[in-house]
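Undergrad: Okay, here's the structure, questions in a sec.
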Amino acid sequence: MPTEAAPRLTALHPVIGARMDGIALGPDMAQAQVAAIRAAMDRYAVLVFPGQDHLDDTAQLGFGRLFGTVEETPSLVDQARRRLPDNQINDISNLGADGRILAADDRRRMFNLGNLLWHSDSSFKPIPASYSMLHARVIPPEGGETEFADMRAAWDALPAAMQARLRDLVCDHSLIYSRAQLGFSEFTAEERERCAPVPQRLVRRHPGSGRLSLYLSSHIGRIQGWQVPEALALLRDLTEHATGPQFVYRHHWSVGDLVVWDNRCTMHRGRPYADRLYPRDLRRVTLMDLAPTLEQAA
Ligand SMILES: [Fe+2]
């Protein structure tokens, strides 16, 4: 009886990211394959699966459900003008509901530019994201890469005195804070209400590896109990430290790539491209973590 060849794993960077070849992702994968992906995720935090052109929205969702509960992600601005009808498929594109490239001054484009800042997905939600799964359907001829930074390695590299200072801090996260960094502040009263800040630990333990990790994100706007300028200055330093090249893998997309990352121990950011000239259509399925970070073991 023929046996399936084991998938091949190749590291992409000394501390973060690996590529898995020889595997076809989908809703009907064997438990052994799901377990192999989990184990590799715990080690590398980012996995690249090339050649997954067969995935459509339904199959991508079904694959996601093998690993946890899929987050509902209605658009935070202009939900009524949404392109993709399914709220569990996050539209990472520069396209409007009519399929055309968004106008330069479109509010959704302004809002989406926040993805260029280092962040962890859904850190502004009471129960934030665990895995994000991003699939490339259409990519521009150049630019539009995604960078990933390993927050466990960044934590390990901090001096012990700084680790002790950070260990028990709690930060407030909101989309309002990240968008304010780019000067976007035109939220409606209703959007502001939905974006009320939520508390998260600054240092958390990554369950799969047992390692401690920084939990940074551009969505952070406050450290509880701290003066705001002192907090923001520290966060800026930490983010600079945590996103040095020794901790960062940069992914150059090909159509059909599916990239999975663990938001509990990484940050990521998009890189610019000519978004007024070329369409870029990536779709994300996001999994919920199990509990708010304040309720998780420190
Ligand atoms: Fe993101």
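Read-outs throughout are calculated quantities, based only on the coordinates presented, and are distinct from any laboratory measurement. Please read all numbers here as calculations on a predicted model, not as lab measurements. No Cβ is skipped: glycine too gets one built from the backbone with ideal geometry, and neighbour counts run over all protein chains shown.
Undergrad: Calculate for the chain the 222 nm mean residue ellipticity that helices alone would give, adding -39,500 (n - 2.57) per DSSP H run of length 4 or more and normalising by residue count, nearest 500 deg cm²/dmol.
TA: Working: 8 runs with 69 residues, N = 298.
Using -39500 (n - 2.57) per qualifying helix, the result is -6500 deg cm²/dmol.
Undergrad: What is the set of long-range amide H partners of Trp253 at a cut-off below 5 Å, with H atoms built 1.01 Å from backbone N?
TA: Distant-sequence amide H within range of Trp253: Thr146.
Undergrad: Please state the charge dipole magnitude for the chain, taken about the Cα centre, from unit charges on C-beta atoms (+1 on K and R, -1 on D and E), reported in debye and rounded to the nearest 20.
TA: For the chain, the charge dipole is close to 460 debye.
Undergrad: Just how large is the dipole of the stretch 1-88 about the Cα centre, in debye to the nearest 20, putting +1 at every Lys and Arg Cβ and -1 at every Asp and Glu Cβ?
TA: Values: 8 positive and 11 negative charges, 52 e Å.
That gives a dipole near 260 debye.
Undergrad: Got a sec to turn the phi values of the stretch 65-79 into Karplus ³J(HN,Hα) couplings, 6.51 cos²θ - 1.76 cosθ + 1.60 with θ = phi - 60°, whole Hz, x for Gly and Pro?
TA: Calculated HN-Hα couplings, in order: 5, 5, 10, x, 8, 7, 6, 7, 10, x, 4, 7, 10, 6, 3 Hz.
Undergrad: Also, quick follow-up: Averaging sequence separations of C-alpha pairs under 8 Å and six or more residues apart, then dividing by the length of the stretch 8-290, give the relative contact order as a whole percent.
TA: Working: 563 pairs, mean separation 97.8, N = 283.
Over the stretch 8-290, the number comes to 35 percent.
Undergrad: What GluC sites (Glu not before Pro) does the stretch 183-231 have in DSSP loop regions with at most 15 other beta carbons within 10 Å? Mind showing how you got there, number by number?
TA: Details: sites: Glu186, Glu190, Glu191, Glu193, Glu230; in loops: Glu186.
Qualifying residues, ordered by number: Glu186.
Undergrad: Testing the spin-label approximation: label points 7 Å from Cα along Cα→Cβ at Glu186 and Asp98. State their distance in nm.
TA: 1.8
Undergrad: Hey, got a sec? Which trypsin sites (Lys or Arg not before Pro) in the stretch 133-175 land in a DSSP loop and have at most 13 other Cβ atoms within 10 Å? The partial results should precede the final answer.
TA: On the way: sites: Arg137, Arg152, Arg165, Arg167; in loops: Arg167.
Qualifying residues, ordered by number: Arg167.
Undergrad: Tell me, in nm to one decimal, what length is gained between Glu193 and Arg107 on full extension, where the rule is 0.36 nm per residue of separation less the Cα-Cα distance? Intermediate results must be reported in sequence, preceding the final value.
TA: On the way: separation 86, 0.36 × 86 = 30.96 nm, distance 1.84 nm.
Full-extension gain reported as 29.1 nm.
Undergrad: Okay, moving on. Karplus couplings for the stretch 10-18 from phi (6.51 cos²θ - 1.76 cosθ + 1.60, θ = phi - 60°), rounded to Hz, Gly and Pro as x?
TA: Per-residue couplings from phi come out as 10, 5, 9, 6, x, 10, 9, x, 8 Hz.
Undergrad: Which whole-number percent of Cα pairs in the chain have a distance greater than 31 Å? Provide the component values of the computation, followed by the final result.
TA: Working: 11623 of 44253 pairs.
Above the 31 Å cut-off, the chain has 26 percent of its Cα pairs.
Undergrad: Would you list Cys195, Cys265 from fewest to most Cβ contacts within 10 Å? Spell out each step's value before the answer.
TA: On the way: Cys195 19, Cys265 31.
Ascending number of Cβ neighbours within 10 Å: Cys195, Cys265.
Undergrad: Here is a follow-up. Order of His206, His135, His268, His54 from fewest to most other C-beta atoms within 10 Å? Present the calculation step by step, with values, prior to reporting the outcome.
TA: Details: His206 19, His135 28, His268 23, His54 10.
Going from sparsest to densest Cβ surroundings: His54, His206, His268, His135.
Undergrad: For the modelled label position 7 Å from the Cα of Ala6 along Cα-to-Cβ, which residues of the stretch 36-57 have backbone nitrogen atoms closer than 20 Å?
TA: It comes to 36-50, nothing else.
Undergrad: If r is the Cβ-Cβ distance from Ala160 to His241 and R0 is 22 Å, what FRET efficiency results, to the nearest 0.05?
TA: Details: r = 15 Å, r/R0 = 0.67.
My answer for the efficiency is 0.90.
Undergrad: Okay, next question. Can you sort Ile127, Ile139 by how many other beta carbons sit within 10 Å, fewest first? List each step's numbers first, then the result.
TA: Details: Ile127 16, Ile139 21.
The fewest-first ordering by Cβ neighbours comes to Ile127, Ile139.
Undergrad: Let me ask something else. Out of Ala231, Phe49, Leu66, whose Cα points farthest toward the positive end of the dipole of the stretch 8-290 (charges: +1 Lys, Arg; -1 Asp, Glu; placed on Cβ)?
TA: Ala231
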